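Q: There's a structure below that I have some questions on.
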Amino acid sequence: MIYLRVLFEGEAHWAVQEGDFARLLRTAPYEVLDYDGRLVPLSQCKLLAPAQPTKIVCVGKNYRDHAMEMGGFVPQQPILFLKGPNTLNHPDCPISAPDFVTRLDYECELAFVVKKRAKNVRAEDFADYVLGYTCLNDVTARDIQSFDGQWTRAKSMDGFCPVGPVLTDEVDPSNLTVTTRLNGVVKQQGNTCDFLHPMGDLFAFITASMTLEAGDLVTTGTPAGIGPMEKGDVVEVEVENIGILRNFVE
(Lines give C-alpha, C1' and ligand atoms only; values in the text may rest on other atoms or scores of the structure.)
Protein backbone atom coordinates (compact mmCIF):
# COMPACT_ATOMS: atom_id res chain seq x y z
CA MET A 1 0.00 0.00 0.00
CA ILE A 2 1.17 3.55 -0.74
CA TYR A 3 0.37 6.18 1.89
CA LEU A 4 0.42 9.93 1.38
CA ARG A 5 -0.06 13.09 3.34
CA VAL A 6 -1.65 15.74 1.19
CA LEU A 7 -2.86 19.29 1.39
CA PHE A 8 -6.30 19.41 -0.21
CA GLU A 9 -8.54 22.49 -0.15
CA GLY A 10 -6.41 24.01 2.59
CA GLU A 11 -6.49 21.01 4.94
CA ALA A 12 -3.90 18.31 5.58
CA HIS A 13 -5.02 14.69 5.24
CA TRP A 14 -3.52 11.24 5.33
CA ALA A 15 -4.50 9.32 2.21
CA VAL A 16 -3.96 6.11 0.26
CA GLN A 17 -2.74 6.50 -3.30
CA GLU A 18 -4.81 4.82 -6.00
CA GLY A 19 -3.24 5.55 -9.38
CA ASP A 20 -3.57 9.28 -10.03
CA PHE A 21 -5.95 9.74 -7.11
CA ALA A 22 -5.76 10.04 -3.33
CA ARG A 23 -8.40 8.34 -1.19
CA LEU A 24 -8.59 10.56 1.88
CA LEU A 25 -8.53 9.24 5.43
CA ARG A 26 -10.06 10.68 8.57
CA THR A 27 -7.09 9.73 10.75
CA ALA A 28 -3.50 8.57 10.45
CA PRO A 29 -3.30 4.97 9.17
CA TYR A 30 -1.43 3.55 12.16
CA GLU A 31 -4.14 1.16 13.39
CA VAL A 32 -6.99 1.19 10.86
CA LEU A 33 -7.79 2.75 7.51
CA ASP A 34 -10.71 5.10 8.18
CA TYR A 35 -11.67 6.47 4.76
CA ASP A 36 -13.72 9.67 4.67
CA GLY A 37 -15.40 8.81 1.34
CA ARG A 38 -13.52 11.24 -0.90
CA LEU A 39 -11.35 10.21 -3.86
CA VAL A 40 -9.56 13.29 -5.17
CA PRO A 41 -7.15 13.84 -8.08
CA LEU A 42 -3.51 14.08 -7.04
CA SER A 43 -3.26 17.03 -9.41
CA GLN A 44 -5.42 18.97 -6.94
CA CYS A 45 -3.24 18.04 -3.96
CA LYS A 46 0.11 19.20 -2.62
CA LEU A 47 2.23 16.38 -1.23
CA LEU A 48 3.36 16.79 2.36
CA ALA A 49 5.97 14.83 4.30
CA PRO A 50 4.31 11.43 5.01
CA ALA A 51 5.13 11.49 8.72
CA GLN A 52 4.02 13.21 11.92
CA PRO A 53 6.81 12.26 14.32
CA THR A 54 7.25 13.05 17.98
CA LYS A 55 10.94 12.47 17.26
CA ILE A 56 13.22 11.57 14.37
CA VAL A 57 15.79 8.92 15.28
CA CYS A 58 18.86 8.89 13.04
CA VAL A 59 21.76 6.49 12.61
CA GLY A 60 25.27 7.76 11.92
CA LYS A 61 27.94 5.94 9.92
CA ASN A 62 25.84 2.93 8.93
CA TYR A 63 27.71 2.44 5.63
CA ARG A 64 31.38 1.46 5.81
CA ASP A 65 32.34 3.76 2.91
CA HIS A 66 30.76 6.77 4.63
CA ALA A 67 32.43 5.88 7.93
CA MET A 68 35.76 5.84 6.10
CA GLU A 69 35.20 9.23 4.45
CA MET A 70 34.31 10.70 7.85
CA GLY A 71 37.63 9.71 9.37
CA GLY A 72 37.92 5.94 9.21
CA PHE A 73 36.22 4.98 12.48
CA VAL A 74 33.84 2.08 11.80
CA PRO A 75 31.40 1.78 14.72
CA GLN A 76 30.85 -1.61 16.31
CA GLN A 77 27.33 -0.64 17.35
CA PRO A 78 24.90 1.91 15.92
CA ILE A 79 25.53 5.60 16.59
CA LEU A 80 22.23 7.34 17.32
CA PHE A 81 21.25 10.99 17.26
CA LEU A 82 17.94 12.87 17.12
CA LYS A 83 16.41 15.52 14.92
CA GLY A 84 13.47 17.47 16.27
CA PRO A 85 10.03 17.70 14.63
CA ASN A 86 10.96 21.29 13.67
CA THR A 87 13.28 19.84 11.03
CA LEU A 88 10.50 18.10 9.09
CA ASN A 89 10.28 19.44 5.53
CA HIS A 90 8.09 18.61 2.54
CA PRO A 91 8.68 17.52 -1.06
CA ASP A 92 9.34 20.37 -3.50
CA CYS A 93 9.84 22.85 -0.66
CA PRO A 94 12.89 25.00 0.01
CA ILE A 95 15.86 24.07 2.17
CA SER A 96 17.42 27.09 3.82
CA ALA A 97 20.01 27.68 6.50
CA PRO A 98 20.88 30.64 8.72
CA ASP A 99 23.42 33.04 7.24
CA PHE A 100 26.15 31.85 9.61
CA VAL A 101 26.18 28.38 7.99
CA THR A 102 28.99 28.20 5.40
CA ARG A 103 28.63 24.57 4.29
CA LEU A 104 25.25 22.89 3.83
CA ASP A 105 25.41 19.18 2.92
CA TYR A 106 23.00 16.61 1.46
CA GLU A 107 22.71 13.06 2.84
CA CYS A 108 20.41 10.57 1.08
CA GLU A 109 18.77 7.96 3.30
CA LEU A 110 16.09 5.30 3.50
CA ALA A 111 13.70 6.04 6.37
CA PHE A 112 10.61 4.41 7.85
CA VAL A 113 7.60 5.40 9.93
CA VAL A 114 6.63 3.47 13.06
CA LYS A 115 2.98 2.36 13.24
CA LYS A 116 2.65 1.42 16.92
CA ARG A 117 4.43 1.90 20.22
CA ALA A 118 7.69 -0.03 20.26
CA LYS A 119 9.87 -0.93 23.23
CA ASN A 120 12.39 -3.80 23.54
CA VAL A 121 11.44 -5.19 20.13
CA ARG A 122 13.30 -8.27 18.92
CA ALA A 123 15.19 -7.86 15.65
CA GLU A 124 13.12 -10.54 13.95
CA ASP A 125 9.88 -8.71 14.81
CA PHE A 126 10.77 -5.23 13.54
CA ALA A 127 8.63 -5.44 10.36
CA ASP A 128 5.51 -5.73 12.54
CA TYR A 129 6.15 -2.16 13.73
CA VAL A 130 6.78 -0.48 10.37
CA LEU A 131 4.01 1.41 8.56
CA GLY A 132 6.13 2.03 5.49
CA TYR A 133 9.37 3.28 3.96
CA THR A 134 10.25 6.62 2.42
CA CYS A 135 13.07 8.88 1.21
CA LEU A 136 14.84 11.32 3.54
CA ASN A 137 17.52 13.97 3.18
CA ASP A 138 19.49 14.37 6.41
CA VAL A 139 20.52 17.97 5.70
CA THR A 140 23.58 18.92 7.73
CA ALA A 141 25.43 22.15 8.46
CA ARG A 142 28.83 20.49 8.13
CA ASP A 143 30.85 23.48 9.36
CA ILE A 144 28.70 23.68 12.49
CA GLN A 145 29.06 19.94 13.07
CA SER A 146 32.84 20.31 12.93
CA PHE A 147 32.88 23.41 15.14
CA ASP A 148 30.53 22.02 17.80
CA GLY A 149 32.14 18.58 17.99
CA GLN A 150 28.67 17.01 18.24
CA TRP A 151 25.70 16.87 15.93
CA THR A 152 22.62 18.42 17.51
CA ARG A 153 22.76 21.98 16.20
CA ALA A 154 24.17 21.00 12.81
CA LYS A 155 21.42 18.46 12.17
CA SER A 156 18.43 20.13 13.82
CA MET A 157 17.91 23.50 12.17
CA ASP A 158 14.44 24.26 10.86
CA GLY A 159 13.58 22.35 7.68
CA PHE A 160 16.70 20.16 7.77
CA CYS A 161 14.74 16.92 7.25
CA PRO A 162 12.91 16.74 3.91
CA VAL A 163 10.86 13.52 3.71
CA GLY A 164 8.72 11.91 1.00
CA PRO A 165 7.19 11.93 -1.48
CA VAL A 166 5.32 8.75 -0.44
CA LEU A 167 5.35 6.08 2.23
CA THR A 168 5.10 2.46 1.09
CA ASP A 169 5.11 -1.04 2.55
CA GLU A 170 5.65 -2.59 -0.90
CA VAL A 171 9.48 -2.75 -0.83
CA ASP A 172 12.16 -5.00 0.64
CA PRO A 173 14.26 -2.60 2.76
CA SER A 174 17.26 -4.93 2.78
CA ASN A 175 18.09 -4.37 -0.90
CA LEU A 176 17.33 -0.85 -2.15
CA THR A 177 19.56 1.54 -4.06
CA VAL A 178 19.75 5.00 -2.48
CA THR A 179 20.92 7.95 -4.61
CA THR A 180 21.55 11.69 -4.35
CA ARG A 181 21.54 13.88 -7.44
CA LEU A 182 22.58 17.52 -7.31
CA ASN A 183 21.39 19.52 -10.32
CA GLY A 184 20.93 16.22 -12.15
CA VAL A 185 24.42 14.84 -11.39
CA VAL A 186 24.76 11.70 -9.23
CA LYS A 187 26.73 12.51 -6.07
CA GLN A 188 25.92 9.56 -3.80
CA GLN A 189 24.81 6.01 -4.48
CA GLY A 190 24.68 3.03 -2.17
CA ASN A 191 22.57 -0.01 -1.39
CA THR A 192 20.92 -0.89 1.88
CA CYS A 193 22.39 -4.40 1.61
CA ASP A 194 25.66 -2.72 2.65
CA PHE A 195 24.38 -1.51 6.02
CA LEU A 196 26.83 -2.14 8.84
CA HIS A 197 23.82 -2.76 11.09
CA PRO A 198 20.79 -4.37 9.39
CA MET A 199 17.31 -2.97 9.81
CA GLY A 200 16.09 -5.41 12.45
CA ASP A 201 19.24 -5.00 14.53
CA LEU A 202 18.91 -1.22 14.34
CA PHE A 203 15.32 -1.36 15.54
CA ALA A 204 16.17 -3.67 18.42
CA PHE A 205 19.08 -1.42 19.43
CA ILE A 206 16.96 1.73 19.33
CA THR A 207 13.99 0.31 21.22
CA ALA A 208 16.22 -1.16 23.91
CA SER A 209 17.02 2.43 24.88
CA MET A 210 13.92 4.45 24.02
CA THR A 211 10.24 3.95 23.35
CA LEU A 212 9.14 4.76 19.83
CA GLU A 213 5.62 6.06 19.33
CA ALA A 214 3.26 5.64 16.39
CA GLY A 215 4.30 8.18 13.78
CA ASP A 216 7.94 8.39 14.80
CA LEU A 217 10.45 8.49 11.97
CA VAL A 218 13.62 6.40 11.88
CA THR A 219 16.30 6.99 9.28
CA THR A 220 19.10 4.57 8.54
CA GLY A 221 22.30 6.33 7.48
CA THR A 222 23.90 7.65 4.30
CA PRO A 223 26.46 6.19 1.87
CA ALA A 224 29.72 7.88 0.88
CA GLY A 225 29.74 10.98 -1.29
CA ILE A 226 28.36 13.65 1.03
CA GLY A 227 28.96 17.16 -0.25
CA PRO A 228 27.82 20.76 -0.26
CA MET A 229 24.74 22.42 -1.68
CA GLU A 230 24.57 26.06 -2.72
CA LYS A 231 21.71 28.52 -3.10
CA GLY A 232 19.87 27.78 -6.33
CA ASP A 233 20.73 24.07 -6.35
CA VAL A 234 18.12 21.35 -6.83
CA VAL A 235 18.76 18.23 -4.75
CA GLU A 236 17.03 14.90 -5.34
CA VAL A 237 17.05 11.87 -3.05
CA GLU A 238 15.84 8.72 -4.77
CA VAL A 239 15.18 5.37 -3.12
CA GLU A 240 14.61 2.50 -5.52
CA ASN A 241 10.92 1.57 -5.95
CA ILE A 242 9.81 4.37 -3.61
CA GLY A 243 10.25 7.63 -5.46
CA ILE A 244 12.20 10.86 -5.78
CA LEU A 245 12.28 13.50 -3.05
CA ARG A 246 13.07 16.84 -4.68
CA ASN A 247 13.93 20.10 -2.92
CA PHE A 248 15.69 23.33 -3.78
CA VAL A 249 18.14 25.41 -1.79
CA GLU A 250 17.39 29.04 -1.14
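Q: Which of the strands (runs of 3 or more DSSP E) contained wholly in the stretch 1-56 include at least 3 residues that are more than 15 Å from Val163 (Cβ to Cβ)?
A: 11-18, 21-25, 35-41
Q: Now, a different point. Quick one: Glu109 ticks every box in (1) acidic (Asp, Glu); (2) crowded, with 17+ Cβ neighbours inside 10 Å; (3) without any contact (Cβ under 8 Å) to a residue 60 or more places away in the chain bar one, so which box is it?
A: Failing condition for Glu109: (3).
Q: Could you please let me know if Gly225 is of a type in the set (Gly, Ala, Ser), part of a loop (DSSP other than H, G, I, E, B) and free of Cβ contacts under 8 Å to residues at least 40 places away in the same chain? Please lay out each step first, then the result.
A: Working: of a type in the set (Gly, Ala, Ser): yes; part of a loop (DSSP other than H, G, I, E, B): yes; free of Cβ contacts under 8 Å to residues at least 40 places away in the same chain: no.
The answer is no for Gly225.
Q: Anything in the stretch 91-145 that is more than 16 Å from Asp201 (Cβ to Cβ) and either among the hydroxyl-bearing types (Ser, Thr, Tyr) or outside the structural domain of Ile244 (by TED's automatic domain parsing) (or both)? List them, or say none.
A: Within the stretch 91-145, Ser96, Thr102, Tyr106, Tyr133, Thr134, Thr140 meet the criteria.
Q: Where the second residue is among the β-branched types (Val, Ile, Thr) and part of a helix (DSSP H, G or I) and the first is in the same structural domain as Thr134 (by TED's automatic domain parsing) and lies in the stretch 178-204, which pairs have Cβ atoms under 9 Å and are six or more apart or on separate chains?
A: Final answer for the pair search is Val178/Thr192; Pro198/Thr192; Met199/Thr192.
Q: Which one of Glu170, Glu250, Glu213, Glu240 is farther than 21 Å from Ala51 by Cβ, surrounded by fewer than 20 Cβ atoms within 10 Å (Cβ to Cβ) and acidic (Asp, Glu)?
A: Just a single option satisfies the conditions, and that option is Glu250.
Q: Next up: Collect the residues in the stretch 192-210 that are surrounded by fewer than 16 Cβ atoms within 10 Å (Cβ to Cβ) and touching a strand residue (DSSP E or B) at 6+ places or on another chain (Cβ under 7 Å), keeping them in residue-number order.
A: Selection gives Asp194 alone.
The values are calculated or read from the model by the stated rules, or taken from the named source; none is laboratory data. The model shown is predicted, which means the values in this text are computed figures rather than measured ones. Please note: Cβ atoms are built from the backbone with ideal geometry, for glycine as well, and neighbour counts cover all protein chains shown.
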